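*Asks:* Take a look at this one; I'll ask things after.
What follows draws every value from the coordinates through simple rules; no lab data is involved. Note that the structure is a prediction, hence the values are computed from the model and not measured. No Cβ is skipped: glycine too gets one built from the backbone with ideal geometry, and neighbour counts run over all protein chains shown.
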Amino acid sequence: METTIRSEVYRVSLAGVSCRSTEALVSMAVREIDGVRAVLLGEGAELLVLASAERDLHPEIVAAVVAAGLMPESVSVGPAFRTPDSRPLTLKEAEDLGIVERPREPVRAAVESVQRVSIAVTDGYDPDTIIVTAGVPVRLTFSEGYGCLGRVVFESLGIEADLEQGGATVDLPALEPGTYLFSCGMRMVHGRVIAE
C-alpha cells in the first residue's frame, strides 16, 4: 500500500498574544511534533508551520496550542502554497520555510576583448543568468555535465556543446541587445545570457 505524504502550511494566529514567552512556548511545542519541518514567525501576528507527514497534524498542533493557553480556533491549515483564506505565502515566508530556494544572483561579465564567464554544471547552471555587454564577443566555460546536463544548447544561436568529456568552452558572437536562452539537451534546465 502506497503512503501519501501531505505537505501543508498551518497558520497559528497569535493575535492578542502580548507575551513573548507564549509565542516561544507555542513554537517549541509545535517543533516537537513528528512531521513538522519548519516553524517561523510570519508576517503579521501568526506562526507558520510547514508540515510533511503521512497523517493530518491538525489535532496535534491544536493540542500544542491549547497547552500553551491559546484557543483551538487559532489554528488553520492549507496546502503548502496557499492557506484556507486564499492568502498565498509571501516569497520570504516560502523561502524561510524552505519551500522554495532563494533566486541566484546574476553575474555580470567583465568587459575585455572577449567577455569570459565560468559556469558550474551541477543540478542546474550556476550562475544561470549572465549579463554581458552587447557588441562584445562572449566566451562561456561550462564545467563537466552528465545525463540531461551532458549537452548545452543555445537554440536561437544554433550552438550546441557536449559537456560529458570535461566540460566545454562556448564562444558566442558579439550579441545584439536582448535575452539569449540556453538549456540542457532535454530542454528541462535553463539559463540565459542578457546582452545590454
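*Asks:* Could you check the simple spin-label distance between residue 179 and residue 21, using points 7 Å along Cα→Cβ, in nm with one decimal?
*Replies:* 5.3 nm
*Asks:* Compute the distance in nm between two label points, each set 7 Å from the Cα along the Cα-to-Cβ direction, one at residue 134 and one at residue 120.
*Replies:* Taking the simple label geometry, residue 134 and residue 120 are separated by 3.2 nm.
*Asks:* Run the quick spin-label model on residue 34 and residue 146: label points 7 Å from Cα toward the beta carbon, then report their separation in nm to one decimal.
*Replies:* It works out to 3.6 nm between the two label points.
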